[in-house]
1. Test Lys526 against the criterion of being assigned to a helix (DSSP H, G or I), within 21 Å of Val479 (Cβ to Cβ) and touching a Ser or Thr at 6+ places or on another chain (Cβ under 8 Å), and give yes or no.
2. How many residues are among the β-branched types (Val, Ile, Thr) and surrounded by 15 or more Cβ atoms within 10 Å (Cβ to Cβ) if we restrict to region 494-542?
3. Just the residues that are part of a strand (DSSP E or B), of a type in the set (Val, Ile, Thr) and within 44 Å of the chain's Cα centre (by Cα), please, taken from region 221-279.
4. Tell me which residues, restricted to region 295-327, are within 16 Å of Leu67 (Cβ to Cβ) and polar (S, T, N, Q).
5. Let me spell it out: the conditions are (1) closer than 18 Å to Phe220 by Cβ; (2) open to solvent by 70 Å² or more (accessible area, probe 1.4 Å), and Asn151 meets all of them except one. Which number is the exception?
6. Within region 77-135, which residues are among the hydrophobic types (A, V, I, L, M, F, W, C), more than 60 Å from the chain's Cα centre (by Cα), open to solvent by 20 Å² or more (accessible area, probe 1.4 Å) and under 20 Å from Tyr239 (Cβ atoms)?
7. It is to be established whether one or more residues within region 413-425 are at pLDDT 80 or above, under 56 Å from the mean Cα position of the chain (by Cα), assigned to a helix (DSSP H, G or I) and surrounded by fewer than 13 Cβ atoms within 10 Å (Cβ to Cβ).
8. Out of region 245-260, which residues are touching a residue at least 24 places away in the same chain (Cβ under 8 Å) and either open to solvent by 40 Å² or more (accessible area, probe 1.4 Å) or closer than 29 Å to Phe297 by Cβ (or both)?
Amino acid sequence: MNILNYLDIRSLVRQFKSEGLSMRRRFAFYILSVICLFLAIIIILLNLFGILNPADRQIMNSLNSRLAVCSERIEHDCDELASCAISFAGQLEDSIQKFLTDNNISFDELENNSEALDELQNKLYASVYLNMQVAPASGAFYILDTTANSNSTEKLYNSIYLKYINLCSENTVNNDFSIYRGSFSTGKSRGINFHSGWKNESCTDFFNDCEEVFSQGTHFVLSTVAPIPDTWERARYIYVPIRDYDDHIIGVCGFEINDLLFQLSHKTLNGSCGIEICGLIDERNDVYSGQFSSGRFNNAVNNLDIEFSDDFYFFDFGDEKCIGLTQNISIGKDIFSIAVMIPETQYNYFLRKGQINIILIFLIIAILAFVCCIFISKKYVSPILKKIEQVKSKEDYGKQLRIREIDDLFAFLEEKDNYYEQQLDDLENAKKFAEEEARKAKEEYEKASEKYQLAKSEIDRLAEKHKEEIVPEEYNFFVENLSTLTPAEYRVYELYLSGKTAKQIAEILHITENTIKYHNKNIYGKLGISSRKQLLRYASLKQHRDGKEDWS
């Protein structure tokens, strides 16, 4: 069987419209319909259970795994840095308290005392530098709630801020630093190069709500991402309070985590679904910011927009979009979101690849089903069609198909064929007999018709003869007065016309002969006749004339 015959859709449609489908094509159509139905059911079930698109499921599983790892890693890093910051704060508290005790002054007396503040910074610098070297951070700082110039137009705070100029690995030990903010004398004595953004003291609004931030047992807080003043960089900070012996907050210290450090600590991975990017995202007043393991997203984060759709989050960076998952974690007293994502183009590529694989699988299944239909058709349908052709051509039925139901069917058809042939012979004989009987009946009919025509001619002749014996005036009087007869009289009149005698009429109408005589008298008088013979003659003439008028 030529496979192209099955693929000739136009000829198949024309054949179906004209004479329906053959057994072979009908069989193939039914088998393919059943297979398609089962495939549709399987597709629906796979879709309901979420495994229709294995690429989509694979991406989801990969992102979930990566999200769990990133969440654990970021929480661990923040806790580790917070621990370092708390230790850092303890060292600063001890150093500050020792300085105040040695100089026999209070913390409040440091305000506007530039010499004491410079001396204090010289003593605290070693702690800042040492903690910066051992902590996994890109910078370290402390800010004290005091100033050397309270008359400044903007609120200033005495501080030291050290920042690495470059990071080349997660290990920050012995890396050079250049960004310095603090007293001039302290920096100069340490041989620090001052860049254009150097400031003696810092500006911040952190102390406006410092007591509230560190209330209810909060030991540290993680800030949102913000630009570092006078630089092109962005960073977030771990803040820990610096307290005096009376547990009053006199300052804060902590560490900086800039974008580059975050990238080095949480590198972009090439997972099973391609590049996987992680990020630490914060949201304030419906504005999203964050740090990501890829530099190109850190540069575009100012345009970040996040939307949720189905099972994924869409991260719109303006020029580029990503698809991923998020998980909320608590750092300090605030909630942050850990995000793991892949570029949308990459997601669509894997999705299309998975869809193509599924289509290929179903296509292979359909082709195999089609080949099976052809094989089954050759194996079972073709012998049946051959048998049918033998039946149509009245040939010998040939050998059996060894299919019990089909062999029984053809045996039954053979028996019926013999029976119908006998019936046909009987019908042929009956037809010949009926034709002979019809011929004889036709001859009899023709003879009867000739007799009828002769009788009719004779009746017409007698009617003409009677017409000559009848007085026209009396006949006209008879016809005109028939309507004057009563129903009972007209019934007697009709019975006379049918050939009944007076005695028979009396029996039919259940009346006496005297009553008949009475009706006769009335009938004769009304119709102007004197005898039953004259009555029948006029009535016969009237019927003859009425018949001619109707016929004409």
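The values are calculated or read from the model by the stated rules, or taken from the named source; none is laboratory data. From a predicted model like this one, the values you see are computed outputs, not experimental measurements. Cβ atoms come from the backbone with ideal geometry, glycine included; neighbour counts cover every protein chain shown. We work out accessible area using only protein heavy atoms, side chains counted, and drop any ligands, DNA or RNA first. Shrake-Rupley method; radii C 1.70, N 1.55, O 1.52, S 1.80 Å.
1. yes
2. Taking region 494-542 and keeping what is among the β-branched types (Val, Ile, Thr), we get 501, 505, 508, 511-512, 515-516, 523, 529.
So of that shortlist, the ones also surrounded by 15 or more Cβ atoms within 10 Å (Cβ to Cβ) come out as 505, 511, 515-516, 523, 529.
Going through region 494-542 one residue at a time, the tally reaches 6.
3. Ile275, Ile277, listed by residue number.
4. Result: Thr326, Gln327.
5. Unmet for Asn151, out of (1) closer than 18 Å to Phe220 by Cβ; (2) open to solvent by 70 Å² or more (accessible area, probe 1.4 Å): (1).
6. Quick first cut of region 77-135, residues among the hydrophobic types (A, V, I, L, M, F, W, C) only: 78, 81-82, 84-86, 88-89, 92, 96, 99-100, 105, 107, 110, 116-117, 120, 124, 126, 128, 130, 132, 134-135.
Checking which are more than 60 Å from the chain's Cα centre (by Cα) leaves us with 92, 96, 99-100, 105, 107, 110, 116-117, 120, 124, 126, 128, 130.
Pick out the ones that are also open to solvent by 20 Å² or more (accessible area, probe 1.4 Å) and you get 105, 107, 126, 130.
Result: Phe107, Leu130.
7. No, region 413-425 has no match at all.
8. Tyr245, Gly254, Phe255, Glu256, Ile257, Asn258, Asp259, Leu260
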